[in-house]
Amino acid sequence: MGAEKKWLYALFCAAFVSFLIFLSSISGFSSSYYAFSLQRRFATPVNHGPGHPPAFAYYISGGGGDSDRIFRLLLAVYHPRNRYLLHIGTDGSEEERWKLGMLVKSVPVIQAFGNVDVVGKPDPVTYMGSTNIAAMLRAVSILLKVDGGWDWFVNLSASDYPLITQDDLSHVLLSVSRDVNFIDHTSDLGWKEGQRVKPIVVDPGLYLARKTQIFYATEKRPMPEAFNVFTGSPWVVLSRPFLEFCVFGWDNLPRTLLMYFTNAVLSEEVYFHSVVCNSPEFKNTTVNSDMRYMVWDNPPKMEPLFLNTSDYDLMAQSGAAFARQFNKDEAVLDMIDQNILKRSQNRVTPGAWCIGGKNWWMDPCSRWGDVNMLKPGPQVKILGDSVQRLLQDLSSESNQCR
């Protein structure tokens, strides 16, 4: 075969392979969520259950323009034992979801363990509307369906970032009962009663294709008598048993409250809180904390302040597992990567499972060993002391649903 024919043959082969990859990608991205778990190549066994480290199901959500932030956050909280679902709302483009999927597929360890999915049919998310809780419940349903091993569900936004490694988090919660729910809650509604619960609102995102704002009915409704309303932070770390109760609902309570709070302002700040605190089975499983570090204006506004390098020392010593909110590529994120996570750019946070060489040209997590082993870092004591203070007495007044 002449040199020219060899060149044409090589070009044809490359084009054909590229076409097959394109067809494969198209077919993989046609379902309601994009699955990257079809082929688990060279993955070591992942052990779940008592006697093994806990695993976490992460729901990471964002809007249009957030694909890079979501991917960076994924790398920061990644561990082969966990499960991840990534969601870009309807204000993001199909090209952006495609880009995020390609970024996910580019990470060898994710290809091997197949534990990251991207929502292909996005949910509308209306500011202050009930579509937020609908999207979260859908995420929980998907995560329950695709993975039977995780213990806690964690919701994060594209503007969040971890303050600990996954080895730290698993090590600290290894000795914690896996039916515990970390959820900031109170029945002292204050001004929220008149401005959040009593007003009747409709979220057009439930039935309109275009994005718009919630609208208010002219009448207000009285406070419910069949159950008590609890409110708190929308950022949670919830147990698998409690979320199975919310989704499968062997008691009608989760459905009843979902119907009621569909017409409430910011339903994600009342739904899980009211379900857990009105359920005899779960009301004694709450720890009154969202495990987040946030700084608020005085008086508080709708969202916490954006964090920067001046907040680093207080963040690092806070004992929180996560912090919010950050601007894209904020310099303090590089400080967290370098000092806490020990993570290089475009690489996952290393843990005990990473056995590759520790050179600047080689990713230590490009090779992996036993993913069931843990190697806590220097932040583990700070996080451990914080969790122990929270758990000192689960029946204490501060943790009880009151």
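The values are calculated or read from the model by the stated rules, or taken from the named source; none is laboratory data. Everything numeric in this text was worked out from a predicted model, so none of it was measured. Because the Cβ atoms are built from the backbone with ideal geometry, glycine has one as well, and the counts that use them run over all protein chains shown.
Laid out as a table, the results:
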{"quantity": "Residues that are touching a helix residue (DSSP H, G or I) at 6+ places or on another chain (Cβ under 8 Å) and polar (S, T, N, Q), drawn from segment 371-398", "calculated": "Q379"}
{"quantity": "Count - residues of segment 345-364 that are under 18 Å from P378 (Cβ atoms) and touching a residue at least 12 places away in the same chain (Cβ under 8 Å)", "calculated": "6"}
{"quantity": "Q325 closer than 28 Å to P199 by Cβ, surrounded by fewer than 20 Cβ atoms within 10 Å (Cβ to Cβ) and touching a residue at least 24 places away in the same chain (Cβ under 8 Å)", "calculated": "yes"}
{"quantity": "Which numbered condition H273 fails, given (1) surrounded by 21 or more Cβ atoms within 10 Å (Cβ to Cβ); (2) over 22 Å from the mean Cα position of the chain (by Cα); (3) under 22 Å from L390 (Cβ atoms)", "calculated": "(2)"}
{"quantity": "Hits in segment 353-370 (condition: surrounded by 18 or more Cβ atoms within 10 Å (Cβ to Cβ) and either touching a helix residue (DSSP H, G or I) at 6+ places or on another chain (Cβ under 7 Å) or in a helix (DSSP H, G or I) (or both))", "calculated": "C354, P364, C365, W368"}
{"quantity": "Matching helices (runs of 4 or more DSSP H) fully within segment 42-149 where at least 3 residues are of a type in the set (D, E, K, R), modelled with pLDDT of 95 or more and on the phi < 0 side of the Ramachandran plot", "calculated": "67-77, 94-105"}
{"quantity": "Filter result for G357 (under 29 Å from T44 (Cβ atoms), over 20 Å from the mean Cα position of the chain (by Cα) and modelled with pLDDT under 95)", "calculated": "yes"}
{"quantity": "Identity of the residue in segment 221-258, in contact (Cβ under 8 Å) with a residue 12 or more places away in the chain, closer than 21 Å to I142 by Cα and among the aromatic types (F, W, Y), that ends up surrounded by the most Cβ atoms within 10 Å (Cβ to Cβ)", "calculated": "F242"}
{"quantity": "Segment 293-307 residues that are surrounded by 13 or more Cβ atoms within 10 Å (Cβ to Cβ), paired with ones that are β-branched (V, I, T) and assigned to a loop (DSSP other than H, G, I, E, B) (beta carbon under 7 Å, 6 or more apart)", "calculated": "P304/V295; L305/V295; L307/V295"}
